[in-house]
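FYI, it's all coordinate maths here, none of it is from the lab. In this text the structure is predicted, and so the values were computed from the model without any measurement. Cβ coordinates were reconstructed from backbone atoms using ideal geometry, including for glycine residues, and neighbour counts include every protein chain displayed.
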Amino acid sequence: MKRVITYGTFDLLHYGHINLLRRAKELGDYLIVGLSTDEFNTIKHKEAYHSYMNRKLILEAIRYVDKVIPENDWNQKIADVKDNKIDVFVMGEDWKGHFDFLKDYCEVIYLPRTSGVSTTKIKNDLHSV
Ligand code: C2G
């Protein structure tokens, strides 16, 4: 049972998120998502449209996602990898290099982002209609 983890805010869920989650799941058998809490989003200088509970509800409905845990701070990843017996850590390549410290604990893979879509773009495009 190969266990994969990824992290994110996953607000205003779109096909870029789904492409990431699908590819992450394909790297193993069980996918955990560390979902940024509303408090952590403030630390990330991000404001999500949907609350943590609603973003969690939406993620749990995705066939590729097996478990959602809260992401409260930048410093929990090593513990998460250990506690959840993670084999592979995956993030979009906009994070390339940022999490290489995890290579001591698991495989670290950065995947190409899906171009042409982002939560910010959705918000901006909607403002201009
Ligand atoms: N993503 C993607 N293609 C897009 C948009 C997002 O592949 N067009 C990926 C991102 O690279 C990330 C994941 O989808 O791996 C979730 O994106 P966000 O919710 O924007 O994640 P972020 O706010 O970058 O949070 O500790 C890590 C942070 O919590 C990551």
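General observations
- Just one of the listed residues (Ile78, Ile86) is touching a helix residue (DSSP H, G or I) at 6+ places or on another chain (Cβ under 9 Å) and assigned to a loop (DSSP other than H, G, I, E, B), namely Ile86.
- Some residue of the stretch 49-65 being within 10 Å of the ligand (Cβ to nearest atom), more than 16 Å from Ile109 (Cα to Cα), part of a loop (DSSP other than H, G, I, E, B) and polar (S, T, N, Q): no
- Residue in the stretch 61-83 that is crowded, with 16+ Cβ neighbours inside 10 Å, closer than 30 Å to Leu126 by Cα and in contact with a Pro (Cβ under 9 Å, 6 or more places away or on another chain) present: no
- Residue count for the stretch 1-12 under the criterion of being more than 9 Å from the ligand (Cβ to nearest atom) and either more than 22 Å from Leu102 (Cα to Cα) or crowded, with 18+ Cβ neighbours inside 10 Å (or both): the result is 4.
- Test: Val108 is part of a strand (DSSP E or B), surrounded by 11 or more Cβ atoms within 10 Å (Cβ to Cβ) and touching a residue at least 40 places away in the same chain (Cβ under 8 Å): no
- Residue that is farther than 21 Å from Thr42 by Cβ and within 13 Å of the ligand (Cβ to nearest atom), where the choices are Glu71, Glu93: Glu93
- Taken as a whole, the condition of being over 15 Å from Thr119 (Cβ atoms), in contact (Cβ under 8 Å) with a residue 12 or more places away in the chain and within 10 Å of the ligand (Cβ to nearest atom) applies to Gly34.
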